[in-house]
Amino acid sequence: MLTDNGLARDVFDPGRSWLPLTRIPLPHRPEAAPRARRHTREVLSLRGVDGESAATVELAVSELVTNAVRHGVCLCGCTRGPVSLTLLRAENRLRVEVADPSRTPPRWPTGVESVDEETAEAEDGRGLLLVTALALDWGDHAGRRRGKVVWCEFGTAGAGA
């Protein structure tokens, strides 16, 4: 589906040759987010991604993993399903993918009109708003076997990612 700015949402772009950088399983517990941030920081540092860009990607990873742990519940209602973080690269793009066992798609913000005073002051509910503001593109799709994958992409011009 194309959006008003011409970017495709909810679509995995098969035209790009995505090369995997890393994939790690994460516990379906609150400690998953700090573990994912640390792993992302290490991988991007090894790839020579500058500190500001790495911090931006790390923030998005934290938000996506936190959402997966909080809302990624199996159809049976349990939280034993897998959560994982995958980082991929293609040309001048870095792609973050977070998989969880839920088939329920995330509620992506629809634009500035979705940010009211209550949302701005809320402790929860701003994660996907941050991701959409920071990333070049984002979306979600069904997982290969079950669950879903929520993804976002960043530019990596000049970096060895």
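Where a number appears in this text, it was derived from the coordinates with a stated rule and is not lab data. Just so it is clear, the structure is predicted and the values come from calculations on it, not from any experiment. Using ideal geometry, Cβ is built from the backbone for each residue, glycine included, and neighbour counts are taken over all protein chains shown.
Tabulated data
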{"read-out": "Nonlocal amide H pairs with V49, under 5 Å, H built at 1.01 Å", "value": "G160"}
{"read-out": "Under Karplus coefficients 6.51, -1.76 and 1.60, residue-wise ³J(HN,Hα) of region 30-44 in Hz, glycine/proline x", "value": "x, 6, 5, 4, x, 5, 5, 4, 4, 5, 4, 4, 5, 5, 5"}
{"read-out": "Most to least packed among 24-36, 53-65 [average Cβ atoms within 10 Å]", "value": "53-65, 24-36"}
